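To keep things clear, I will list the structure first and then write my remarks on it.
The values are calculated or read from the model by the stated rules, or taken from the named source; none is laboratory data. All values reported here derive from a predicted model rather than from experimental measurement. Glycine gets a Cβ as well: all are built from the backbone with ideal geometry, and neighbour counts include every protein chain shown.
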Amino acid sequence: MLSALRKSVAESSQAICRRRMATIAPTLVQSKAADSSQSKPAIRKAADPIKPVYVTMSSFTGKSNSAKKAVALDPTVFDHPIRRDILHLCVVHHLDSIRQGTASTKTRAEVAGSRRKIRPQKGSGRARLGDRQSPMLRGGGVAFGPKPRDFSTKLNRKVIQMGMRVALTMKLREQRLGVLQRINWWSHKTATLNSRLNGLGWRTGTLFVTGESEVPARMRLASRNLRGIECRTVTDLVVYDIVKWRRVILDLAAVDALEQALGKSFSGISDSERVVSDVTPSSVEQVETST
């Protein structure tokens, strides 16, 4: 009788639970449907267009222009956040790669001489000695001395590209980045180029970078005897050069080459939009002219 009573109580409790779930579940479904119908779809706003950065175009020939022109630069290349750690990695990577690593010393196995024991092991009252190639003796081998080795280290390509963006941005913000129409000089004489660089304030610590396959012959001949002036192509440019030199001067071909190699998520600047003349002075960076 007691078991029959327990069985009836269990069946009644299960029926109550089923009845409660049947009454609660439709209300939850209706409330969720009402919330979904009332919620409005989120409208994603379009991103603001990326604006280029501008730098004043310098005149290398000395001809006076009444209206100053500005050069539009890719902000993903010339307006990158400053990362000193990335610059340090790139500089150390380059300095390691140019180490010769030719230092070499001879071990006791490479030193010429007899392998005979200098004196008997016992009986002399003095310290025991082996052959004359021992590192303890004068003229013997070197223990743990340097041997020819490769000091170069590995650095990912994307880190080097980021270092180039950071270095160019740093020069632009320091107002030590200039842009020319073309890095060329009308004479191969050093004196004429020297006087022009003195007038511009670019006499010391200036690196000229061209985007052409090679440096123009007259510019190369006129500048090769000037101390503190160097010319090179954009293919030979490394992060260490931008950090080392006080002032970096690019031509338009070099700007195009750098933007094609380093630019990202930017539509690019056409040749017609590269040089403009109606830019507000507050948004234009000017290259430093002090020596």
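For residues in region 141-198 being within 19 Å of the chain's Cα centre (by Cα) and β-branched (Val, Ile, Thr), which is farthest from residue 241 (Cα to Cα)?
Residue satisfying both the conditions and the ranking: 153.
With (1) surrounded by 13 or more Cβ atoms within 10 Å (Cβ to Cβ); (2) at pLDDT 95 or above as the list, and residue 88 as the residue in question, which single condition is left unmet?
Result: residue 88 passes all but (1).
Need pairs with beta-carbon distance below 8 Å; first residue closer than 15 Å to residue 107 by Cα and touching a residue at least 60 places away in the same chain (Cβ under 8 Å) and within region 129-155, second surrounded by 11 or more Cβ atoms within 10 Å (Cβ to Cβ) and aromatic (Phe, Trp, Tyr); sequence gap 6+ or separate chains.
none
Counting only residues that are in contact with a Phe, Trp or Tyr (Cβ under 9 Å, 6 or more places away or on another chain) and assigned to a helix (DSSP H, G or I), how many does region 222-251 have?
Count: 2.
If I go through region 252-276 residue by residue, how many of them are over 17 Å from the mean Cα position of the chain (by Cα) and either assigned to a loop (DSSP other than H, G, I, E, B) or not assigned by TED's automatic domain parsing to the domain that holds residue 159 (or both)?
6
May I ask you to list the residues in region 198-212 that are modelled with pLDDT under 95 and outside any loop (DSSP other than H, G, I, E, B)?
198, 199, 200
Given the conditions (1) crowded, with 18+ Cβ neighbours inside 10 Å; (2) modelled with pLDDT under 95, which single one is not true for residue 288?
Residue 288 satisfies every listed condition except (1).
Taking the stated definitions as given, is residue 161 surrounded by 13 or more Cβ atoms within 10 Å (Cβ to Cβ) and among the polar types (S, T, N, Q)? It would help to see each step written out before you state the result.
On the way: surrounded by 13 or more Cβ atoms within 10 Å (Cβ to Cβ): yes; among the polar types (S, T, N, Q): yes.
Here the answer is yes, as residue 161 does meet what is asked.
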